[in-house]
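The values are calculated or read from the model by the stated rules, or taken from the named source; none is laboratory data. Computed from a predicted structure; not experimentally measured. Counting neighbours? That spans all protein chains shown, and the Cβs are built from the backbone with ideal geometry, glycine included. Note: areas computed on protein heavy atoms with side chains; ligands, DNA, RNA excluded. Shrake-Rupley method; radii C 1.70, N 1.55, O 1.52, S 1.80 Å.
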Amino acid sequence: FETLFMVSEAALNNCNKFFELCEGGKDGSMEYVAEGASFSCDALPDIKDVDSYVAWMKGLAYSTMPGCSYDLHSSTTSETTVVYFATFHGTHSGDGGPVPPTGKTTASRYVYVLEVNSDNKIKNMTKVWNAPAAFAQLGWA
């Protein structure tokens, strides 16, 4: 068997803090992100950097789906990466989204893949998300 390498404890702590703050739409998450960190998600092609994604999540948490939450199912690490598997829960009860508030709820599974740099900060974030299913649940599609 090969020895498995894990990210440093500092990097893991930074990723955990980022995840909690970002998913809650709270301020302070960018403290754990490298300047210019990239973002990719097939469902959100116009968002290219982590800063823009954090702003999008904040709008979702405070305007479009106030009171949204997540359930973290598992996480794993490698030498330079932390991966989270979770379910997002939200009800479209506020302004925002492609249509007026629908009052409909989603339970949408997703994965975050966070790559860290030598300063233990996130340098790249990839989100894997079944947006069409979430949009259908919310009445957006």
| field | Dipole of the chain, positive direction: furthest Cα of PHE39, VAL128, LEU138, with charges on the beta-carbon | value | LEU138
| said: I need the Kirkwood Rh of the chain: take the reciprocal of the average 1/r across all distinct C-alpha pairs and report it in angstrom. | reply: 15.5
| field | Per residue accessible area of the stretch 9-138, 1.4 Å probe, in Å² | value | 51
| Accessible carbon and sulfur surface of the stretch 9-138 relative to its total accessible area, %, 1.4 Å | 49
| So how do 129-135, 119-125 stack up, highest first, on mean other-Cβ count within 10 Å? | 119-125, 129-135
| note | With -39,500 (n - 2.57) per DSSP H segment of 4 or more residues and division by the full residue count of the chain, the 222 nm estimate, nearest 500 deg cm²/dmol, is -7000 deg cm²/dmol
